[in-house]
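To keep things clear, I will list the structure first and then write my remarks on it.
Please treat every number below as a calculation from the coordinates, not as lab data. This one's a predicted model, so the numbers in the text were calculated from it and none came from an experiment. Cβ: placed from backbone, ideal geometry, glycine included. Neighbour counts: every protein chain shown.
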Amino acid sequence: MRVASTIARELLIFAATLLVTSLIIFMVVNLLPGDVAGTILGPNADASSIAALRTTMGLDRPWPLRYLEWIGGLLTGDAGRSALSGQPVLALIGPKLAVTGWLVTLGMALAIVIAVPVGIAAALRRKHLDGLIWAGLSQLGMAVPAFLAGMLLVVVFAVQLSWLPANGYVRLAEDPGGWARHLVLPVVSLAIVQSAVLVRYVRSAFIDVLGEDYFRTARAVGWRFGSAVLRHGLRNASLQVLTVLGLQLATLFVGAIVIENVFVLPGLGSLLLSSVNQRDLPVVQTIVMIQVALVLVINGVVDLVARLADPRLRAEATEAGA
C-alpha cells in the first residue's frame, strides 16, 4: 500500500507539472513575434483582411479561452488544426514523431552499447595509460557538437567513400534496407556525443563501486575480480547511471532537432522549425508539449525503476509514504 501511495503521489506531481508546463508553453509560443494571419495573406495584405482572418481563426479571442480549448482538445486527442494547411495537427505530427522516435531510441541504444564497456574499462584501467586515453577521448567527444560530428561523418562516409546516403529518409515499411542506411549517420552522430557523456558517469559509478565495502568483501571471500565486477559492480553502478539516462534523453531530443536538419530527416525537429518560421502556432505548441510530456514520462519511469531496484531508495519511499 505504501508503494502504491508513493506511485499515486508521483502521478499527481507529474500531472501538476504537465499542467503548469502546458500553460508556460502556450504563453511563450503565443508571445512569438509575427502574426500567422499576416503570414498566410502575405506582405501586401491590408489591415482589414488580416483582422478578418484573425477573427475567422479565433486569434482575437482572450488567451485563457484559447488555452482551455487547446488543452481540453489534447486530453481528448484533438490538438486542433494547422493554421496554414488546415490539416489536423496530430495527423501532421504522427509520421514525424515516428522518425524522431527511431532516431532518439537508436541513438540512445547505441550510446549505451558504447558507453558501458568503455566506461568500465576506463574505471578498471584508470591508473594505466589506456584508461587515461579512454577518459581523454570521452572528454573530446563531449566537446564535439552533434551537428559537427554529423557533418564530418557525411564528408567521410557519404562524400569521400560513398558508402552511405548524406540525407533523406525512407520509411521502414517501404524499404527496410534503405531505412537502415539512411539512419546510420544520424544515429551515430547523436550516439557519439551521448556516449561520451555517459562514459564519464559509468566510469565514475564504477570507481565508486570498486571502493565499496561489499565489493572488497566479495573479493576477500574468494570471488574472482571479473565475477565480482559483473555481480556487484555492474548492478550497483547501473542504478547510478540509470538516473542519468533520463536526464540525457532531454538533451537527446534537442540534439535530434539539429541532426534532423543536418540530414534532412522529416522528423519533429524539421516540422517544428518550419512551423516556427511560418508562425503555425497550433503545431508549434503541440510539438513542444509532446516533447516535454515524453521527457517527463521517461524521467518518471526511470525514477520509479530506480526506487524499486535500489533498497535504499525503496526504504525512503516507504518512509515518505508512512
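Observations on the model:
- Residue with peak Gaussian network fluctuation, the chain [Cα springs, cutoff 10 Å], from Leu265, Leu68, Leu103: Leu68
- Cα gyration tensor category, rounded, prolate or oblate, for the chain with a/c compared to 1.5: oblate
- Estimated at 0.36 nm per residue, the fully extended path between Arg216 and Lys127 surpasses their Cα-Cα distance by 30.2 nm.
- Here the ratio of the Cα radius of gyration of the range 21-150 to 2.2 N^0.38 Å is 1.73.
- Exposure proxy ranking, count of Cβ atoms within 10 Å, fewest first, for Val188, Val159: Val159, Val188
- Relative contact order of the range 153-241: 21 percent, from C-alpha pairs under 8 Å at least 6 residues apart in sequence.
- Taking one quarter of the surface of the C-alpha convex hull of the range 40-113 gives a mean projected area of 7.6 nm².
- Between Phe253, Phe206, Phe157, the GNM of the chain built on Cα springs shorter than 10 angstrom shows Phe157 fluctuating the most.
- Per-pair calculated FRET efficiency, R0 = 41 Å: Thr55 and Leu247 via Cβ, rounded to 0.05: 0.40
- Residues Ile13, Ile257, ranked from the fewest to the most other C-beta atoms within 10 Å, line up as Ile13, Ile257.
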